[in-house]
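A short write-up of the structure that comes next.
The values are calculated or read from the model by the stated rules, or taken from the named source; none is laboratory data. As the structure is a prediction and not an experimental result, all values here were calculated from the model. When we count neighbours, we look across all protein chains shown, and the Cβ atoms used for this are built from the backbone with ideal geometry, even at glycine.
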Amino acid sequence: MGRPEKILTAKGRRFLLTVETSKAAEDYGKYEALRNDIWGFPEDSLPGSRNMMCENFLYDGSSLFLAAYAADPSGSFVEDRAHLVGFSYGFVGVRDKTVCFRSLDNLWFYSQYTGVLPAFYGYGLGLSLKEFQKEVLVGVFGVTIVTCTFDPLTGVNAARNIRHFGMDVLEYRAATYGEYGGHLNRLDVPTDRFFIIWDLKKPRSRPDVRLDDLLGSRHEVVQVEPRLVPGRSGFIDLEIVRGLRLELDSEFLLVRIPRDFYLLLWETDVNDQALRGIPLEWRMRTREAFQILFGRGYRIIDFRTVPGPPPANYYVLSR
């Protein structure tokens with residue numbers, strides 16, 4: 001079998017997307033190093049390099065390692081740690097635990113990590129890695145269902161998973177990973193996640209909903225107000241949750257989330273407990289909203305951003 005790979009050109013730079021094929025344990029250490037560069041939480045490590053090698057479906061296991069390498073100044077690709085700028089990692093699992101591996105139709109792929117170094121944001125590498133993952137899973141693995149989790153308050157992930165790829169939210173999981181720190185999380189904010197499914201056979205579609213018709217008190221569940229606060233880097237306008245309207249009962253509802261939850265976590269990481277509590281309030285109020293609305297039969301059908309200024313992020317729900 002030839003190694004799946006593709007070349008991506010974006011903003012004058014070239015990138016190689018490829019499947020890891022190495023049978024040398026030392027070649028897998030670069031994935032753990034990159035994971036820690038991106039997320040900055042060494043307590044949440046990948047397995048050791050020897051175990052990662054054994055997990056690889058090309059060795060003894062069922063894991064898939066995808067790498068994104070940036071070309072060097074000469075335009076050549078060197079597949080080493082210095083040029084590795086993004087990766088995706090996941091493994092084959094089973095859907096129905098009573099069937100397990102007795103049926104091939106019961107297999108799905110759990111996509112655990114997809115990350116890109118901040119210096120390489122804006123090149124479309126995250127989307128390209130997911131598209132490449134889809135090609136390999138369908139063409140090589142023969143698996144057409146992918147699952148993963150993401151933080152419901154992160155608009156960048158919602159835009160990719162819900163809006164771009166059309167993934168479906170199966171459930172809301174509260175405090176999924178316990179205490180989780182690093183660059184993109186805070187230990188004092190619970191690690192709630194959406195558990196989502198990506199049907200690779202389903203054509204992408206966009207619901208026929210005019211967002212402008214839904215903006216306003218009759219459809220917006222989360223009530224938000226702007227507030228100028230003394231953040232970590234100086235005074236900054238942040239969105240503050242001031243209430244929920246759970247009595248709303250329209251066919252379509254909107255659940256708003258912060259413009260940039262990562263920025264909100266960073267700017268409120270201060271000693272002032274009132275400021276520190278802003279992202280926690282977002283977490284607990286939106287947790288309540290999603291759990292109640294899901295219990296009433298609502299489901300997420302889209303994610304949209306109102307350009308602004310300032311911009312605003314909304315999940316669109318329907319029943």
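For this structure, a couple of remarks:
- Inter-residue pairs, beta-carbon under 8 Å, first within 13 Å of His164 (Cβ to Cβ) and modelled with pLDDT of 95 or more and in segment 116-137, second part of a helix (DSSP H, G or I) and of a type outside the set (Val, Ile, Thr), 6+ apart: Gly126/Arg160; Leu127/Arg160; Leu127/His164; Lys130/Arg160
- For segment 113-123, filtered to residues that are surrounded by 15 or more Cβ atoms within 10 Å (Cβ to Cβ) and of a type outside the set (A, V, I, L, M), the residue that is nearest to His83 (Cα to Cα) is Phe120.
- The condition of being out of contact with any Ser or Thr (no Cβ under 8 Å at 6 or more places or on another chain), under 30 Å from Leu254 (Cβ atoms), among the small types (Gly, Ala, Ser) and crowded, with 19+ Cβ neighbours inside 10 Å does not hold for Ala174.
- Single residue of segment 203-221 satisfying the filter (without any contact (Cβ under 8 Å) to a residue 12 or more places away in the chain and acidic (Asp, Glu)) that is surrounded by the most Cβ atoms within 10 Å (Cβ to Cβ): Asp213
- Candidate set from segment 74-89 (those that are among the polar types (S, T, N, Q) and free of Cβ contacts under 8 Å to residues at least 12 places away in the same chain); member that is farthest from Ser111 (Cα to Cα): Ser74
- For Ile38, the test of being under 25 Å from Ser128 (Cα atoms) and in a strand (DSSP E or B) is failed.
- Hits in segment 222-238 - residues which are free of Cβ contacts under 8 Å to residues at least 24 places away in the same chain and either charged (D, E, K, R) or surrounded by 14 or more Cβ atoms within 10 Å (Cβ to Cβ) (or both): Gln223, Glu225, Arg227
- Residue list for segment 69-109, restricted to those being under 24 Å from Glu5 (Cα atoms) and of a type in the set (Ser, Thr, Tyr): Tyr69, Ser74, Ser76, Ser88, Tyr89
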